[in-house]
Amino acid sequence: MQHGPAVRRRKLGAELRSLRTGSGFTSGEAARMVGWHQSKVSRIETGASGVKPADVRLLLDAYGVSDPQLREMLQMLAGSDEGGGRHHWWHAYRGVLPTTYRDFISLESQASAMRTLETSVVPGLLQTPEYARAVTRAAVGGLDDERLDTLVEVRLARQDVLRSNPPLKLSAILDEAVLRREIGGPDVMSRQLERLIEAARLPQVRLQVLPFTAGAHVGVTGPFVVFSFSSTSDLDVVVLDHLTSSLYLERKEDLQAYTEAFNTLQIYALSPEDSLDYIAGIGDGA
């Protein structure tokens, strides 16, 4: 169990070690190829120390790694400010966002797929501006209007991952409480339910409702997010949010447990088609 920056160093190091051994080099040979001491390669591969994006490029060149998506992903994990697409925009908010939140956004921006169970609020990627504002004001006390506006701006900017090429594939399971909890007032909630219906019709979004009638299920332990990456499953990570921090789970046993939990919840939940009707019914009765 790690905090975000640590887990990223560990995952980056493990992937670089895998690429090195796959290329047939010892750590000493790799060090000589790029003009380093062997101890530096070892520290990077164990996650004991950080690594600059330029150093990652040197190693990838030495190992003959040409896959542009993999190269960009690994440089992102090192903190690269380069590249295009949906990456790195959050650096403009360094003075506003906590490190754990920036790290979450970076994973979200680089992931190919995201599975999330939500038990209290609509996922940030599917929130309307009004709903996002009400949630943020309630979750972070004592905000002045300027800081509140900035945090809402960030949350809405995150939603670009669903419109990128290729877009993030989002699978979301919402407990019925998410739909019933009136946040921001009736009008805000009504628009939010309409937004969910619109989003659920996107090909990259799979939305399911877990009705109260499902009874007790594994999801009662709390919400979670599973990020997956197309280039390698070794970078997959589970994120658990708490009031003041986030925890990142990287062990294969944890990933397997949460993946199985999500798959089980999909069985308990309504189908995507029935979920649309269910949301519409709640909206009509609101």
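The values are calculated or read from the model by the stated rules, or taken from the named source; none is laboratory data. Note that the coordinates shown come from a computational prediction; the quantities given were computed from them, not determined experimentally. Here the Cβ positions follow ideal geometry from the backbone for every residue, glycine too, while neighbour counts run over all protein chains shown. Only protein heavy atoms, including side chains, enter the accessible area calculation; ligands, DNA and RNA are left aside. Shrake-Rupley method; radii C 1.70, N 1.55, O 1.52, S 1.80 Å.
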Note: among Thr264, Thr244, just one is surrounded by fewer than 16 Cβ atoms within 10 Å (Cβ to Cβ) and modelled with pLDDT under 85, namely Thr244
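If you check Arg115, Arg147, Arg155, which single one turns out to be touching a Phe, Trp or Tyr at 6+ places or on another chain (Cβ under 6 Å) and of a type in the set (Lys, Arg)? Break it down stepwise before answering.
Details: Arg147 fails: touching a Phe, Trp or Tyr at 6+ places or on another chain (Cβ under 6 Å); Arg155 fails: touching a Phe, Trp or Tyr at 6+ places or on another chain (Cβ under 6 Å).
Selected residue: Arg115, the only one of Arg115, Arg147, Arg155 that is touching a Phe, Trp or Tyr at 6+ places or on another chain (Cβ under 6 Å) and of a type in the set (Lys, Arg).
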For segment 95-117, the count of residues that are buried (at least 22 other Cβ atoms within 10 Å of the Cβ) and not in a helix (DSSP H, G or I) equals 3
Check your understanding: Just a yes or no: is a residue in segment 29-37 closer than 30 Å to Ile105 by Cα and open to solvent by less than 30 Å² (accessible area, probe 1.4 Å)?
Key -> no
Check: Is there a residue in segment 249-256 that is closer than 16 Å to Arg206 by Cα, part of a helix (DSSP H, G or I) and open to solvent by less than 60 Å² (accessible area, probe 1.4 Å)?
Finding: no
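Yes/no per residue for (1) under 30 Å from Glu250 (Cα atoms); (2) at pLDDT 95 or above:
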| site | (1), (2) |
| --- | --- |
| Tyr93 | yes, no |
| Val122 | yes, yes |
| Thr128 | no, yes |
| Arg137 | no, no |
| Arg147 | no, no |
Within segment 160-197, of all residues that are outside any loop (DSSP other than H, G, I, E, B) and of a type in the set (Val, Ile, Thr), the one nearest to Gly219 (Cα to Cα) is Ile173
| message | Looking at the structure I just gave you, is Val51 more than 23 Å from the chain's Cα centre (by Cα), more than 12 Å from Glu15 (Cα to Cα) and open to solvent by less than 40 Å² (accessible area, probe 1.4 Å)? | response | no
Exactly one of Leu168, Leu174 is within 22 Å of the chain's Cα centre (by Cα), over 19 Å from Ser228 (Cβ atoms) and open to solvent by less than 60 Å² (accessible area, probe 1.4 Å), and that one is Leu174
Quiz item: Would you call Val122 assigned to a loop (DSSP other than H, G, I, E, B) and not basic (Lys, Arg)?
Solution: yes
Within segment 267-286, the residues that are at pLDDT 90 or above and among the small types (Gly, Ala, Ser) are Ala269, Ser271, Ser275, Ala280, Gly281
Take Arg180 and decide whether it is of a type outside the set (Phe, Trp, Tyr), under 21 Å from Thr259 (Cα atoms) and open to solvent by 80 Å² or more (accessible area, probe 1.4 Å). no
Considering residues that are farther than 18 Å from Phe104 by Cα and under 17 Å from the mean Cα position of the chain (by Cα), the number found within segment 131-164 is 1
The residue from Ala157, Ala138 that alone is open to solvent by 20 Å² or more (accessible area, probe 1.4 Å), touching a residue at least 60 places away in the same chain (Cβ under 8 Å) and not in a loop (DSSP other than H, G, I, E, B) is Ala157
Val239 meets each of (1) farther than 26 Å from Arg71 by Cβ; (2) open to solvent by less than 40 Å² (accessible area, probe 1.4 Å); (3) modelled with pLDDT of 90 or more; (4) in contact with a Gly (Cβ under 9 Å, 6 or more places away or on another chain) with one exception, condition (1)
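Quick one: which of Val220, Val226, Val238 is of a type outside the set (Phe, Trp, Tyr) and assigned to a helix (DSSP H, G or I)?
None of the other options fit; the residue is Val220.
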Scanning segment 56-79 residue by residue, the ones that are charged (D, E, K, R) and either modelled with pLDDT of 90 or more or loosely packed, with under 14 Cβ neighbours inside 10 Å (or both) total 3
